[in-house]
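What follows is one structure encoded as structure tokens, with my remarks underneath.
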Amino acid sequence: MTTTLADAVRDDRAAIDKAVSLLVALGDRSGRGAGVSELARRAQLSKSTAYRVLGMLERNGVVERHGTGYRLGERLHRLGQAVHGPEAEHVRDVLLPFLTDLYELTRETVHLAVLHDTHAAYLAKLYGHRSTAVPSRIGGRLPAHATAVGKALLAFDVDAAEEAVRRPLPRFTHRTITEPEALSAELERIRRTGVAFDDEEYQPGLACVAVPVLSRSGRAVAALSVAGRRGHIDTRQVSGQVRRIAAAASQAWARRM
């Protein structure tokens, strides 16, 4: 049986579709990674097919091994950074000194993130002295609805917030917000108080506090966050520290614009 050009094109498209399905499934798991069986189920592929396609993606640096499973690779994260473009670089350049101040004040893991669609995209990260595993990666993304920094960004971006509540809200732990009404209520609370919390909503044992950096119009330009082990981080004390640094960052941003 001869293979026609049309057959070859269909095969190529099928391979691309399978690869994209697996990347989307991995993106939903973000920095936590997932095993072959789970990814095959999410991508609606057989386990053998998923394993073969993941091997191809790994060879190209698009995914990488993570324990017994896989996660998105550095090459894909670098592409993501390129997508963020010059504006994100400008945000990072202006606000990185404030992230450093926040780290010096707390000695915990701190983040600078912006909103990309309905995900928090991490522009910078400084690691704390404690050995708390934090799944964020520079250039990577995590679901906004399940992270403090993401919720801080959504709360002060009306269009993004409306889009987020229309979409499925994947569950990562028993504390993840998965109902649109609950997310809307949480975002309204954040608008009132100016601070967002993540109490084991993305990863068990992890607590985070975040505050947005606002433009003159009141829209979130970025957000600063502190992450640490639940029970070891004093979220009330940290929230005051993040507020002060974020307020100074907002003023600096307004002067630059």
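The values are calculated or read from the model by the stated rules, or taken from the named source; none is laboratory data. Here the structure is a predicted model, which is why all the values come from computation and not from measurement. Neighbour counts run over all protein chains shown; Cβ positions are idealised from the backbone, glycine included.
Taken together, the residues in region 17-31 that are of a type outside the set (Ser, Thr, Tyr) and either modelled with pLDDT under 65 or assigned by TED's automatic domain parsing to the domain that holds Glu201 (or both) amount to 3.
For Arg42, the stated conditions hold: it is surrounded by 14 or more Cβ atoms within 10 Å (Cβ to Cβ), basic (Lys, Arg) and modelled with pLDDT of 85 or more. Could you check region 121-146 and list, in sequence order, the residues that are within 18 Å of Thr100 (Cβ to Cβ) and of a type in the set (S, T, N, Q)? Answer for region 121-146, where residues must be within 18 Å of Thr100 (Cβ to Cβ) and of a type in the set (S, T, N, Q): just Ser136.
Please verify whether Ala8 is exposed (fewer than 12 other Cβ atoms within 10 Å of the Cβ) and modelled with pLDDT under 85, treating the condition exactly as stated. So Ala8 fits the description; yes. Figure legend. Inter-residue proximity from region 175-189: first residues closer than 13 Å to Ala161 by Cα, second residues of a type in the set (Lys, Arg) and part of a helix (DSSP H, G or I), beta-carbon distance below 7 Å, spacing 6+ or different chains. Indicated pairs: Glu186/Lys151; Leu187/Lys151.
If you go through region 62-100 and keep only what is modelled with pLDDT of 80 or more, farther than 30 Å from Ala247 by Cβ and exposed (fewer than 15 other Cβ atoms within 10 Å of the Cβ), you end up with Arg65, Thr68.
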